[in-house]
Amino acid sequence: INKIGVLTSGGDAPGMNAAIRAVVRGCAFQEIECVGIYRGYQGLIENDFEELNARSVRNIISRGGTFLKSARSKEFQTIEGRKKAYQNLKNADIDALVVIGGDGTFTGALIFNDEHDFPIIGIPATIDNDINGTDFTIGYDTALNTVVEAIDKIRDTASSHNRLFLVEVMGRDAGDIALNSGIGAGAEEILIPEEDRGIERLVESLKKSRKSGKTSSIIVVAEGDKSGKNIFELAEYIEGHLEDYEIRVSVLGHIQRGGSPSCYDRVLASKLGIGAVDALINGERTIMVGIHHQKVVSIPLDIAIKNGAKYDKNLRRVADITSV
Ligand code: F6P
């Protein structure tokens, strides 16, 4: 391996910059050239490359987002687009790629590798934490802290006005953010995409907690929850079935994706960035570097994207017991 290309793709996540920095400096340490590819796979198709050295990544460890920019490339989903990408890599003498992103990024990498047999290593970075084979993805810890801080603030106003708040958090397919931030912020109810406990149970539980003396409540709702209603319809439904509870909705949105990465995410990103360069040098291909019990591990990319509807059932139990 003489020259590595690095890109970030899909939804950005805090800590992506720290991961790029570690890849670039890992390359410098191993005396491998490193090329930054802007705007993910789209930049690969459009030849948007820049040589990076150890100094190119100064002062970025603390910055959210990704300085290489990110995109969800439609063109890379076509055979022609991927052919162009391959040609550009060949022309630039790049002989391996490190892709930083989530399941969409890894799926693209797998197809590309199938067609062109190109060495690729994935680094999991998404606030959703929905990648198989790694205990945590880069950005997840920061997003959780952002969400908990926001819900703490919402609780102040909820309790001052004796209101019930529905707070929507990100997670189209994964409830990790909702479940963990919900427990961390002491939410009364948490709705996640992986399970459908029914809207009637929700209303009954809220009635019960009202009777037990609660004057305000927080319901954390993951974007992709299974109630079959959007958060505003859900609020209306609950209002129609609960007496004298004023309801408000707060959609946290993209603030969850921004901000300076937590120390945990910076360290994780640094470990995985170095791990990716090491993996390439050791001849590993088409794998993701993940973290398991604090150690960097290698997971085949096709296994990494098979997250399914898994969630920690013990966390659900903890949430139910502590929110009474
Ligand atoms: O994949 C990360 C994520 O934040 C999801 O939780 C969310 O559904 C999605 O990205 C939103 O992405 P965008 O607004 O960039 O389309």
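Taken over segment 172-245, the ratio of Cα radius of gyration to 2.2 N^0.38 Å equals 1.06.
With N counted as the residues of segment 207-285, its alpha-carbon radius of gyration over 2.2 N^0.38 Å works out to 1.88. Listed by chain and number, the lysines whose C-alpha is less than 25 Å from the C-alpha of residue 310, apart from same-chain residues fewer than 8 away, are 226, 229, 295. Rg of the Cα atoms in the chain, relative to 2.2 N^0.38 Å, amounts to 1.09. Taken about its Cα centre, segment 1-89 carries a charge dipole of roughly 200 debye when the Cβ of each Lys and Arg holds +1 and the Cβ of each Asp and Glu holds -1.
The alpha carbons of segment 83-213 occupy a box of 69, 28, 24 Å along the principal axes, longest dimension given first. In summary, the aspartates and glutamates within cross-link reach of residue 313, defined as a Cα separation below 14 angstrom excluding same-chain residues under 8 places away, comprise 176, 194, 195, 196.
Entry note: segment 1-89 has Rg to Rh equal to 0.98, where both radii use alpha-carbon atoms and Rh is the Kirkwood radius.
For the residue pairs 69/153; 153/214; 69/271, the C-alpha atoms sit more than 25 angstrom apart in 69/153.
Highest-first packing order for the peptide set 70-76, 167-173 is 167-173, 70-76, based on the mean count of other beta carbon atoms within 10 Å.
Rg over Rh of segment 252-324, using C-alpha atoms and the Kirkwood radius, what does it come to?
Numbers: Rg = 16.5 Å, Rh = 15.2 Å.
Rounded to two decimals, Rg/Rh equals 1.09.
Rule-based calculations on the coordinates, nothing more; no lab input. Treat the numbers as computed from the prediction; the structure is a model and nothing was measured. Note that each Cβ is placed from the backbone with ideal geometry, even for glycine, and that neighbours are counted across all protein chains shown.
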